[in-house]
Structures are given as structure tokens and as C-alpha cells.
Amino acid sequence: MEDKIQQFKQLIKESNNIVFFGGAGVSTESGIPDFRSKDGLYNQKYDYPPEEILSHTFFMKHTEEFYKFYKDKMNSLKYEPNITHIRLAELEKQGKLKAVITQNIDGLHQKADSKTVYELHRKCT
């Protein structure tokens, strides 16, 4: 395993055109629950299934319930970037990392000071 870690570090050292693709696993370290793990949002009990709550139709029909769920389970303002977010921002500052592509909408990459972040899912604004 140590050999693989050293190989990975060497790859980063020699590279100047890195793109990082990530998802929920990056932010769970900051305390944000994911969706599909055994403790994830999809496996918790609510009045409605979370995948239904997060739909546009549900938002339009049950706006108050949507915001209650969002406030309780998805509001990421209380969370801080973890070591992964921070290291990726450092690699970008060094000119090695060209972009972060993420499935997350928690803003932690931006909070860690990454500038080029592409979110595959967008927050409702």
C-alpha cells in the first residue's frame, strides 16, 4: 500500500494538468451525510422518501416541507472544508490542478478557495 501511495505522490509531482472528479465521499469527511450509504439520507425515515422530497414536483407542491428537509439535512453552511478540499485548492494554486468536477453542491471546494469548480448538480437559487 505504501508503494501505491508513493506512486500516486510521484504522479502528482510530475503532473501539471490534473482534473479531480469527486462526489459525496469527499464531503462526508466534513460531516455531511451522503445519500446511499447505510446511514445516508436515502436510508433515513421521513414522511416522504428523500428522492421525492428533492424533486421539482415536490418542491412546487410541498415547498414548506422541502425547506424543512433542506434546513435539517442539506444546509451545508455549518460545515468546513476538510483536508481533501484544502489540498485540492493548494494544487490549483500551484498550477497543477486545472479543475474540480464534483457531484456535490455544498460549496466546500469553493470555501477551501478552489476557483475552477464545476458542479454537476446545481442548488436551487
Among the numbered criteria (1) of a type in the set (Val, Ile, Thr); (2) surrounded by 14 or more Cβ atoms within 10 Å (Cβ to Cβ); (3) in contact (Cβ under 8 Å) with a residue 40 or more places away in the chain, which single criterion is violated by Ile83?
(2)
Working only within the range 1-42, note down all residues that are among the aromatic types (Phe, Trp, Tyr) and at pLDDT below 85.
Phe35, Tyr42
Given the conditions (1) modelled with pLDDT of 95 or more; (2) of a type outside the set (A, V, I, L, M); (3) over 23 Å from Gln10 (Cβ atoms); (4) within 12 Å of the chain's Cα centre (by Cα), every one holds for Thr84 apart from (3)
Report the residue count in the range 40-63 for those that are under 22 Å from Gly23 (Cβ atoms), charged (D, E, K, R) and in contact (Cβ under 8 Å) with a residue 12 or more places away in the chain.
0
Residue under question is Leu91, and the condition is that it be farther than 21 Å from Thr116 by Cβ and of a type outside the set (D, E, K, R); does it hold?
no
Please specify each residue of the range 56-80 satisfying the condition of being surrounded by 15 or more Cβ atoms within 10 Å (Cβ to Cβ) and either more than 30 Å from Ser114 (Cα to Cα) or at pLDDT 90 or above (or both).
Phe58, Phe59, His62, Glu65, Phe66, Tyr79
If we keep just the residues of the range 24-55 that are small (Gly, Ala, Ser) and surrounded by 17 or more Cβ atoms within 10 Å (Cβ to Cβ), which is farthest from Thr102 (Cα to Cα)?
Ser30
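The values are calculated or read from the model by the stated rules, or taken from the named source; none is laboratory data. Quantities reported herein were computed from a predicted structural model and do not represent experimental measurements. As a convention, Cβ positions derive from the backbone with ideal geometry for all residues, glycine included, and neighbour counts pool all protein chains shown.
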